[in-house]
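So the structure is just underneath, and the comments pick up after that.
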Amino acid sequence: MKRALLIFGLLAALAAQPAKTARAQNDPKSASPPLGITQTVDGIAARIEGDIITDSEVRELAALQQLIDGKPKTRDEIIRELADQWVVRQEAAATRYQEPSQADIDRSYQQLVKNFASPGDFQAHLAAVGLSDAAVRRLLRDQLYLSRFLDYRFRPTVQVSDQQVQDYYNDELVPELKKQSDRIPPLDDVEDKIREVLIQRAIDDRAAKWLDDTRSRLNIQILPPGGAS
C-alpha cells in the first residue's frame, strides 16, 4: 500500500489509499429508473478476475493523492494501485483480518489535517480536489486496514542486523543531518528508530515482490476512459 519522508526515513502510511472495489447492487428498485428520470451510472475503469474497478474509485484515489502529494498520477498508475489494493484486500479478508477502530481512523484523519496550515485550509484543499470529508475518512480506514495487514503478513519474516543499523546511521542519517546542519545524535539514541525504518523498508520490498508475482497471474483488463459502464 507514497509515504512522507521523515528525518530518519520513516514512512507514514497516508498515501496510496485503498478504495473498496465496487460491486453492482441487486436492489430491484434501482434496476430500472422511472421514465423521464436520468440515472448516472458509474463507468468501469478495469476488470480484475470476476470483479471491477470503477471510474469513481480511480477519481477518488487520484484526488486523495493530489491532496497528500500535491501532484497527480496517471490513470494507469492509479488503476495499478487499485488492483494491488484489491489483491491485498482479498488476502486480508480470507484471514478475517480485523478492521481498524473508529479511534484509529480519527487519529489518522487528525494526522492528515495537521499537514495543512489549519483545519480551514484542509477543508479548502478538500473542496479543491473534489473530496468529501466522509470519503477521506473511508479511504483512510481502508489504508489503515491494508497497510496493517501487510505489516502483519511480512514483519515476522524480517530480520535487521546491527551492521545494517550501523550502515544506515553512517551512510544515510549522518550525511542528511550534516546537510541540514542539524545536531547528530549518538547511534544509541536513534538505534530503535533506525531499526524500524529498515524493517519498514524490508516489508515494503517483500510486499512489492508479492504483489508483482500475484498480479502477473491475474486477469486484469484496463478499459479506456468511458469505455464501459
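The values are calculated or read from the model by the stated rules, or taken from the named source; none is laboratory data. These figures come from a predicted structure and were not determined experimentally. Note that we place each Cβ from the backbone using ideal geometry, even for glycine, and neighbour counts take in every protein chain shown.
Among the residues of the range 59-83, just one is assigned to a loop (DSSP other than H, G, I, E, B) and either among the β-branched types (V, I, T) or crowded, with 20+ Cβ neighbours inside 10 Å (or both), namely T74.
Of all the criteria given as (1) among the charged types (D, E, K, R); (2) over 17 Å from the mean Cα position of the chain (by Cα); (3) within 29 Å of G70 (Cβ to Cβ); (4) assigned to a helix (DSSP H, G or I), the one not satisfied by D151 is (2).
Among the conditions (1) of a type in the set (D, E, K, R); (2) farther than 16 Å from I53 by Cβ; (3) not in a helix (DSSP H, G or I), D121 misses just one, which is (3). Scanning the range 105-135 for residues being within 17 Å of the chain's Cα centre (by Cα) and of a type in the set (K, R) gives a total of 1. Within the range 119-139, does at least one residue satisfy the condition of being closer than 27 Å to D213 by Cα and either surrounded by 10 or more Cβ atoms within 10 Å (Cβ to Cβ) or of a type in the set (G, A, S) (or both)? Yes; the residues of the range 119-139 include at least one that is closer than 27 Å to D213 by Cα and either surrounded by 10 or more Cβ atoms within 10 Å (Cβ to Cβ) or of a type in the set (G, A, S) (or both). Within the option set V190, V160, being of a type in the set (V, I, T), in a loop (DSSP other than H, G, I, E, B) and at pLDDT 95 or above holds for one residue only, V160. Given the condition within 18 Å of Q85 (Cβ to Cβ), of a type in the set (K, R) and either touching an Asp or Glu at 6+ places or on another chain (Cβ under 7 Å) or in a helix (DSSP H, G or I) (or both), answer yes or no: does some residue in the range 172-180 qualify? Within the range 172-180, none of the residues are within 18 Å of Q85 (Cβ to Cβ), of a type in the set (K, R) and either touching an Asp or Glu at 6+ places or on another chain (Cβ under 7 Å) or in a helix (DSSP H, G or I) (or both). Scanning the range 177-224 for residues that are within 30 Å of R75 (Cβ to Cβ) and either in contact with a helix residue (DSSP H, G or I) (Cβ under 7 Å, 6 or more places away or on another chain) or among the acidic types (D, E) (or both) gives I203, D204, D205, R206, A207, L211, D212, D213, T214, R215, I220, I222.
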